[in-house]
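Some notes on the structure that comes next.
The values are calculated or read from the model by the stated rules, or taken from the named source; none is laboratory data. In this text, all values refer to a predicted model and were calculated from it rather than measured experimentally. Cβ placement follows ideal geometry from the backbone for every residue including glycine, while neighbour counts extend to all protein chains displayed. Side chains are part of the model used for accessible areas, which takes the heavy atoms of the whole protein and leaves out ligands, DNA and RNA. Shrake-Rupley method; radii C 1.70, N 1.55, O 1.52, S 1.80 Å.
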Amino acid sequence: MSANRYTYLGPEGTFTEAALRTLPEAATRELVPMVSVPAALDAVRNGEAAAALVPIENSVEGGVTATLDELASGEPLMIYREVLLPIAFALLVRPGTKLSEIKTVTGHPVAQPQVRNWLRAHLPEAVWESAASNADGARLVQEGRFDAAFAGEFAAATYGLEALVTEIHDAENAETRFVLVGRPARPAAPTGADKTSVVLWLGDDHPGALLELLQEFAVRGVNLMLIQSRPTGAGIGNYCFAVDAEGHISDRRVGEALMGLKRICPKVRFLGSYPRAGVAVEDVAALRRGTSDGEFMAASDWLARAQDGRA
């Protein structure tokens, strides 16, 4: 395995690269762009890279399905950390291009919903075609295949383009969440401001099936931050659920919730426990009564005494 290599969704100039470069260790790693999320993750699976940074959630469009599906299938991988990056687009064009001359535009499919209103207001006749990434869209503009691309302003220099318009976003404070993914290992120690990600499969489709899964978290006071259904590929109506929960697998409430899920689900895939980006320990909401590790241990001790006739 190349311990010094990190892959990311490329080509050069993507928001993913910008997010990766916010990590301190990126300065000492070989950063290798890949053509797709599956390619970036497969490089980790086959030992060509130690880790990959890929987008997993957008504050406008929700989960990035390519990443969720890759993490739910194939050889297991694990999330080690997350990165939040504010997202604003620039309209990149070949030098000298005027707004009135733009007839075709491109960008990543996830970008389109974030600039749809701006596009309707300023380029209502322009035809949109999706690219593999925003930076790839910039490359296609450089090659003359499109008139303009929505990408990060920082990509302009890489592809010899200019930013005709900057700070384009339909939603204020838009963010994308990225995750650093590696091969499975022991999770890092809890920080007090952590997140645990899992994928859950339903045993069978019956009334209340999803509620049964959610109750395993609810009765133990575990707050859910994301739940998204994804088709399993086994036919219409067959779904798995990607879940992000507050807390660390070593927290008693989280560990017992996962044990409960393992009892009722035919398959549970643990994707990791890792620090929440941008959240300090003092900002974490107080635990509900009865859900702290100390209270779980006290209840366990009480049960042991009861079994010994000492309760």
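For TRP128, nonlocal amide neighbours, meaning residues 5 or more places apart or on other chains whose placed amide H falls under 5 Å from its own, are VAL105. Placing +1 on the Cβ of every Lys and Arg and -1 on the Cβ of every Asp and Glu, with no other charges, gives region 136-224 a dipole of roughly 560 debye about its Cα centre. Remark: region 26-70 carries a charge dipole of roughly 160 debye about the Cα centre, counting +1 on each Lys and Arg Cβ and -1 on each Asp and Glu Cβ.
Annotation: amide H of GLU153 within the under-5 Å range of ALA90, sequence separation 5 or more or interchain, hydrogens built in the peptide plane. Applying the Karplus relation 6.51 cos²θ - 1.76 cosθ + 1.60 with θ = phi - 60° to region 168-179 yields 3J(HN,Hα) values of 8, 6, 6, 10, 5, 6, 5, 9, 10, 9, 10, 10 Hz, where x marks Gly and Pro.
Judged by the mean number of other Cβ atoms found within 10 Å, the most tightly packed of the peptides 194-203, 300-309 leads the ranking 194-203, 300-309. Comparing Cα centroids, region 24-58 and region 215-256 end up 25 angstrom apart. Each residue of region 186-200 was assigned a 3J(HN,Hα) from its phi angle through the Karplus expression (A = 6.51, B = -1.76, C = 1.60, θ = phi - 60°), giving 5, x, 4, 4, x, 9, x, 9, 10, 9, 10, 10, 9, 10, 10 Hz with x at Gly and Pro.
Screening the chain for whole DSSP H helices of 30 Å or more along their axis (Cα) with average Kyte-Doolittle hydropathy at least 1.0 returns none.
The residues of the chain expose on average 48 square angstrom of accessible surface per residue, using a 1.4 Å probe on protein heavy atoms. Listed values for region 271-283 are Karplus-derived 3J(HN,Hα) couplings in whole Hz (6.51 cos²θ - 1.76 cosθ + 1.60, θ = phi - 60°), namely 9, x, 10, 7, x, 6, 6, x, 10, 8, 4, 5, 8, and x replaces Gly and Pro.
Just want the answer: with Cβ charges of +1 for Lys and Arg and -1 for Asp and Glu, which residue in THR176, VAL243, PRO109 is farthest toward the dipole's positive end in the chain? Working it through, the farthest residue towards the positive pole turns out to be VAL243.
Using only side-chain charges placed at the Cβ, +1 for Lys and Arg and -1 for Asp and Glu, the dipole size of region 91-241 relative to its Cα centre rounds to 320 debye. Protein heavy-atom surface of region 120-197, 1.4 angstrom probe: 45% of the accessible area is carbon and sulfur, with nucleic acids and ligands not counted. By the rule of a C-alpha distance below 20 Å, with chain neighbours fewer than 8 residues away ignored, the lysines paired with LYS262 are LYS195.
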